[in-house]
1. Where residues in the stretch 355-370 are within 11 Å of the ligand (Cβ to nearest atom) and of a type in the set (A, V, I, L, M), which of them is farthest from Glu518 (Cα to Cα)?
2. Give the residues of the stretch 18-36 that are over 23 Å from Val140 (Cβ atoms) and either open to solvent by 10 Å² or more (accessible area, probe 1.4 Å) or modelled with pLDDT under 95 (or both), sorted by residue number.
3. Buried (at least 23 other Cβ atoms within 10 Å of the Cβ) and out of contact with any Cys (no Cβ under 8 Å at 6 or more places or on another chain): is that true of Ser210 in this structure?
4. Quick one: would you say Ile388 is part of a loop (DSSP other than H, G, I, E, B) and under 26 Å from Gly523 (Cα atoms)?
5. Please verify whether the stretch 371-391 includes one or more residues that are within 12 Å of the ligand (Cβ to nearest atom), on the phi < 0 side of the Ramachandran plot, touching a residue at least 40 places away in the same chain (Cβ under 8 Å) and under 28 Å from the mean Cα position of the chain (by Cα).
6. Answer yes or no: is there a residue in the stretch 416-436 that is among the basic types (Lys, Arg) and under 20 Å from Asp360 (Cβ atoms).
7. Could you list, in sequence order, the residues of the stretch 439-452 that are out of contact with any helix residue (DSSP H, G or I) (no Cβ under 6 Å at 6 or more places or on another chain) and open to solvent by less than 60 Å² (accessible area, probe 1.4 Å)?
8. Among the residues in the stretch 417-438, are any within 16 Å of the ligand (Cβ to nearest atom), open to solvent by less than 50 Å² (accessible area, probe 1.4 Å) and touching a strand residue (DSSP E or B) at 6+ places or on another chain (Cβ under 9 Å)?
Amino acid sequence: MMGIEWNASSGQLHLHNKQVSYVVRVLENGSIGQLHFGAPLARGRSYRHLGRAGFAGFSNRLDDPIALEYPTAGGGDYRMPALTIEQADGSSMLRLDYVSHRIFPGKAGIPGLPSTYVEADDEATSLEIELADGPSKARVTLSYTIFRDHPIVSRRVRIRNGGTSRLRITTAMSTSLDLPDDDWTLVQLSGAWARERHITNRRLAPGRQSTASLRGASGHEHDPSLILRRASTTETAGEAYGFSLVYSGNFLAEAEVGPFGTTRVRLGINPEGFAWILEPGADFATPEAVLAFSEAGLDGLSLAYHRLYRERLARGTWRDRARPVLINNWEGTYFAFDETKLVDIATVARDLGIELFVLDDGWFGARDDDTSSLGDWFVDRRKLPNGIDGLARRIEALGLRFGLWIEPEMVSQRSQLFAAHPDWAIGIPGRSRTESRDQFVLDLSRPEIVDHLFAVLSELLASAPISYIKWDMNRNITEPGSLGLPADRQGEFFHRYILGVYDLYARLTTAFPEILFESCAGGGGRFDPGLLAYAPQAWTSDDTDAIERLRIQWGASLIYPLSSMGAHVSAVPNHQTGRLTPIGMRAAVAFFGVFGYELDATSLSPAECAEVADQVAFYKDHRELLQRGRFVRLRSPFEGDGNETAWMTVSDDRRQAIVGFYRTLTRPNPGVNRLRLRELDAALRYRVTTWPARADTIERDNALVRGGDELTEIGLFLDVDRHEVATHGDYWAQLFVLEAE
Ligand code: GLA
């Protein structure tokens, strides 16, 4: 059962499904109080006693720790507000009073912004609560959706100017949630280029703790999300809340512990540098915040996000399709290639079973290095005399599909586009523009520039048999400002930029529904739910080192499904770390995602070719499980000494599973090691095989038929004979394939 209950006598609204309840109430003074979000509560009851009668600040008792649904400043709640609007008289206080509400089946979209959706109205129920501030005439609509099958409530807000003078919004959070205690550990996914989404834990302390972006992109540094868990919460037990923003621009994710030991979580567009002018009658929509709750540990949160984001955020032809095994030439050739070289790589790749050849950076303008030509999206005939079309047809004739790299949002100073339109690059008149990677960012807040890109790129995509696009974005914004906006609207620039990116994505993916789009931003610099709505997969990191990828993919898996994570095998020494890992280990890590290669296939030795052919065949055999299975984290690279990592993926019917075990440094004379599995069917018996197949203790101990109960309670045997361990060396990976009899 899922629905939204309205109790007129207590003014209570209860959003409920089997897994969560979200309860708010119209307080006596007209504001909306927050009573509960978390474990499911019985329907048909009043929870009025869980909240105070009204926000006491409005009756001259300041600082009261009441939980408010969409708090504003100026009325005695001194914690950070969710909404701030500067008004004609220069004040910015608001007091939002209940006007009405509406409950309806299904879920509405947000014009211009990506959001989760339903395919049938019975998948979700939605609520809109109308609020109004008297003096400013601001009207605020709080929108909620509860999904039938997920422990998730999504929230967003629309603000409308119902008056006759201008309003200027300076803070408009997508969600604010007041939790009744502060006994939480904040989990964030943070890092930098080549080491994205590492897990960081910190205990909440009084005051504000946050992650944010001011880069014009969600960024490598922090994921646009925030997770709270109890100190005792593990993967499989204990409470956890997730807050994830469907947005790709500047965000703020914050937890604030107030003076009475309560916790306020805010998530939305970063108020820093943001100001939006609302003319009379105009409205503004915030991005969607997706709130999840689990009583079954972090695993419960991840499961909820994986399912919702894979099935009801990603969309289009490729959402449910098996994704091709690709080979990308970037690390294989960098800028130094010609048609012959590419066809040679593709020919070897075809023989190894690879399905898609992707031509990366360097095919356009006169781009022999990264100092020129971005913006000139026409082929460089010196390298490719037969054009993209000629190359793509040769690749297709080999039996592979063809894919292409673009970086639409950029312009090089040395380019025809910049010569023709120097004013299209983002900048502030009177200030010099900062170059990064020798490039500027085009001002996608201006519709005419988005129109130009759409025209040029749709001509390119229609000109050749292109099956896949890698859409890169390799620098962040400096000197933020737009010539397309008047002085008083410059605060709208960053958000309008992202709206322009979404518009271009929407138009191209609609015009070319058969093309698979993969998003990228120097690896994981814009790996977020916003872009997942257009591109169902993203390049997780430029770092393809198998050991580094264990942490990156583990961290990303807290929120993102396997089907969204591009993961490739590259050459060694690794180009980011110089590390030498066996090719089998590189594959065993990259299998858990959307698999491919990032190397010059013509330089593989015969032995490596044999291994690659075996890897590709293995991945294809288990593709459904490896792209869409239920991902379960078993042993964390972030805990203990981090030397061992293990994870698994299980089919929905629990009849098949693949377990990955990875050891970074070898240990002599090792002790007993059992790896207990999860999500298997206790009543089934599973045939266990090892990959790669081997004639050793691991094989002897595990290649058996064993019960799901036993594998769960006792586990796989990872004890290695002390003589054999010397043959493994460092960087050892072992996969186990489980098939129910
Ligand atoms: C970024 C991407 C890489 C590659 C290069 C090309 O760094 O993340 O995969 O495409 O750009 O310049």
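1. Leu359
2. Once the filter is applied, which keeps residues that are over 23 Å from Val140 (Cβ atoms) and either open to solvent by 10 Å² or more (accessible area, probe 1.4 Å) or modelled with pLDDT under 95 (or both), the stretch 18-36 yields Lys18, Gln19.
3. Judged against the criteria, Ser210 is not a match.
4. no
5. Looking for residues that are within 12 Å of the ligand (Cβ to nearest atom), on the phi < 0 side of the Ramachandran plot, touching a residue at least 40 places away in the same chain (Cβ under 8 Å) and under 28 Å from the mean Cα position of the chain (by Cα), one finds at least one in the stretch 371-391, hence yes.
6. So far as the stretch 416-436 goes, no, none of its residues is among the basic types (Lys, Arg) and under 20 Å from Asp360 (Cβ atoms).
7. Result: Gln439, Phe440, Val441, Arg446, His452.
8. no
The values are calculated or read from the model by the stated rules, or taken from the named source; none is laboratory data. These numbers come from a predicted model, not from an experiment. Ideal geometry is used to build each Cβ from the backbone, glycine not excepted, and the neighbour counts take in all protein chains shown. Remember, those area values only see protein heavy atoms, side chains included, never the ligands or the DNA or RNA. Shrake-Rupley method; radii C 1.70, N 1.55, O 1.52, S 1.80 Å.
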